[in-house]
Amino acid sequence: MNTLDNKVDNTTLDKVTEIIDNKVDRSDFEYIVNSINNKADRTELDHFSNAVNKSRTENDHSVLNLEKKLDHIKNELENQRQSFNTMIDKKADVRDIERVIQLASKKTDIDIINNALVETKSEI
């Protein structure tokens, strides 16, 4: 009977040993907890996400400002081009007028010379 009692005790002891062996070691548990603690905290992720969104918004705003400035510069260049073309056109008109005046002056000079020749001929 004593052997039977020892057998039962050994079986129970083996089961307890097996259960203890299958349990998580405390150092393994602490390692897992430390690994989780070392990972980024949710608030840090939220902070990073907010910073990225803020940066994106600022960049979009900067792009819009640059596009507005570019449009303004394009408009100014177009206005300057039109003004320059108008000035060139006016200058061309002035040149035409000056040419007409020169031709008229020459015509007048030729008429004066012709009149002087006719008078000289009639005097001779």
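The local environment of residue 116, defined by Cβ-Cβ distances under 14 Å, has a net charge of -3 under the rule Lys, Arg +1 and Asp, Glu -1.
With each label modelled as a point 7 angstrom along the Cα→C-beta vector, the residue 89-residue 61 pair spans 4.4 nm.
Extension gain for residue 111 to residue 19 (0.36 nm times residue separation, less C-alpha to C-alpha distance): 19.5 nm.
From the C-alpha coordinates alone, can you work out the Kirkwood hydrodynamic radius of the range 49-119, in Å? Before the final figure, lay out each step's value.
On the way: mean 1/r = 0.0563 Å⁻¹.
Across the range 49-119, the inverse of the average 1/r is 17.8 Å.
Read the figures in this text as sums done on the coordinates, not as results from a lab. What you are looking at is a predicted structure, and each value in this text was computed from that prediction instead of being measured. All Cβ positions, even for glycine, are placed from backbone atoms using ideal geometry, and neighbour counts span all protein chains on display.
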